[in-house]
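Asker: Got a structure for you, questions after.
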Amino acid sequence: SSCRTFSFISQGRRFRGHAYSYTMIMRSLSFVGLCLLLPGVGAFQASRALSVRRPVTVQFRAWGPSGRSKPRKTQETRRRAEAASCDPFNPEFCDPVPVEDQPAFDVKRFTKLTVLFGLWYILNIAYNIGNKLVLNALPIPWTAATLELFFGLPLVIILWGSGLRKAPKLSVDNVKTLASQAFFLMSTHVLGVISFGAGAISFTHILKATEPVWAALIGAVFFKDFLPWPVYLSLVPIMGGVALASMKELTFTWLSFTTGLLSAVTSAMKAILSKKVLSGKPLGENLTPSNMFSVLTIMGFFMILPLSLAIEGPATVTAAWSAALANGHSNLHLFHLLSFSGALYYLYNEVAFIALSEVAPVTHAVTNTVKRVVIILASVLFFKTPVTFLGAVGSAIAIAGATGYSFAKAKYK
């Protein structure tokens, strides 16, 4: 009888009239249990808005005879030496452009932003689909992540060598200062790639939506940065939505679940350290946000290379490549998949840095939410990923919760 009971549990069947199986309950509780530490961290206080601002311009406008506004003069009001430490992917870790400093609406600016964000979405969708195709053909995520970081190197060399972008000048101390940022960028990337390979793209992006939860928890526990109660309450829908989505995820694997959450944790840690470690420190010359990403990508590649060779050595890569050839892929096709995935990874990040540096945090949060939704829908349609009704509801709640957190943070900070 006892053996039969454990057999029923291990097979995920209903036991003693309960509607949810043991595996479904454990999926939910494993996430909720991690997050329940959040309410007990202590007395909550408002945290300060974060560190670094980018250069802004003020445009004064005068009314002409036709009644239309026209530029009278444009001047740069300030330049902050710490601009490079602003993390465009984490809006709460960049100071917003003050409303009074923002240029008035005009068609050129609107068109520019539309093109930038449209291109960002397209490249991001293409990367996610291309990365999944690589992992379907070659189930070696460490090698794939390493090559994706590497393919940014020739693109950067072209930009710096041609003079299209000024090359950064870094000292040894500057490199040491940036080492933690490079490590967490590399960790976030490889953990995300592993999660992509072990499960569905849509599920990984739902897990990545938990980043605000981990940012709040890490900030409170390790750095004593507390947020107001309403901001913490806005995290509840994220936790509940992810728990519901995990319970009903048809492509669920523990590897995808664990690495997806860890990717969100390392991303949150990178954003927090962007303020704690980089703020106020000299970071070298010509280290614009785009150059910052380029440098971190190169450093991340050299960090991940020995780990990749140790975990997936030449024998593993050769075996995976031979299996892919046996399944009908050609050498040229595999090379194209890897090279396009690597190029798209770098390009979509480049465009994202440009686009997100142009908008304030709330706009940033909304566009990030829309991007996540678009990627999820595109991947579900492209790969015909099965989705349950409750799984879709949980995903929607989690994503909406992430947006709600951004609005609450902006209101109560």
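Asker: With charges only on Cβ, +1 for K and R and -1 for D and E, what is the dipole size of the range 121-276 about its Cα centre, in debye, rounded to 20? Display every interim value, and only then the final one.
Answerer: Details: 11 positive and 5 negative charges, 81 e Å.
Here the range 121-276 has a charge dipole of around 400 debye.
Asker: Another question, then. Please calculate the 1.4 Å probe accessible area of Tyr121, with all protein chains present, and give it to the nearest 10 Å².
Answerer: Spelled out: Tyr121, probe radius 1.4 Å, area about 40 Å².
Asker: Let me ask another. What list of ³J(HN,Hα) couplings, whole Hz, do you get for the range 304-313 from phi and the Karplus terms 6.51, -1.76, 1.60, once you set θ to phi - 60° and write x for glycine and proline?
Answerer: Taking θ as phi minus 60°, the curve returns 7, 4, x, 5, 5, 5, 6, 7, 10, x Hz for the range 304-313.
Asker: May I pose another question? So how much accessible area does Glu350 have, in Å² to the nearest 10, using a 1.4 Å probe?
Answerer: Its heavy atoms expose roughly 20 Å² to the probe.
Asker: Can you find, among Thr403, Thr388, Val351, the residue sitting farthest towards the positive end of the charge dipole of the range 291-413, where Lys and Arg contribute +1 and Asp and Glu -1 at Cβ?
Answerer: Toward the positive end, the furthest listed residue is Thr403.
Asker: Which of rounded, prolate, oblate describes the range 119-266, given a ≥ b ≥ c as roots of the alpha-carbon gyration tensor eigenvalues and a/c under 1.5 marking rounded, otherwise prolate only if a/b is larger than b/c?
Answerer: Numbers: a/c = 2.20, a/b = 1.25, b/c = 1.76.
The shape class here is oblate.
Asker: Now a separate question. Using a 1.4 angstrom probe with every protein chain in place, what is the largest-first accessible-area order of Glu358, Glu148?
Answerer: Numbers: Glu358 40, Glu148 5 Å².
Ranked list, largest accessible area first: Glu358, Glu148.
Asker: Same structure again: Could you report the accessible area of Val393 in Å², rounded to 10, computed with a 1.4 Å probe on the protein chains as they sit in the structure?
Answerer: Here the residue's solvent-accessible area equals roughly 50 Å².
Asker: So if I place +1 on the C-beta of Lys and Arg and -1 on the C-beta of Asp and Glu, and nothing else carries charge, what would the dipole magnitude of the range 222-330 be about its Cα centre? I want it in debye, nearest 20. Display every interim value, and only then the final one.
Answerer: Working: 6 positive and 4 negative charges, 68 e Å.
Here the range 222-330 has a charge dipole of around 320 debye.
Asker: Once every Cα of the range 106-184 carries one equal point scatterer and solvent is ignored, give the base-10 log of I(q)/I(0) from the Debye formula at q = 0.20 Å⁻¹, two decimals.
Answerer: -1.12
Asker: Phe222 to Leu255: FRET efficiency via 1/(1 + (r/R0)^6), r the Cβ-Cβ distance, R0 35 Å, to the nearest 0.05?
Answerer: 0.85
The values are calculated or read from the model by the stated rules, or taken from the named source; none is laboratory data. Source: prediction; values computed, not measured. Glycine gets a Cβ as well: all are built from the backbone with ideal geometry, and neighbour counts include every protein chain shown. Surface accessibility is based on the protein's heavy atoms, side chains included, excluding ligands, DNA and RNA. Shrake-Rupley method; radii C 1.70, N 1.55, O 1.52, S 1.80 Å.
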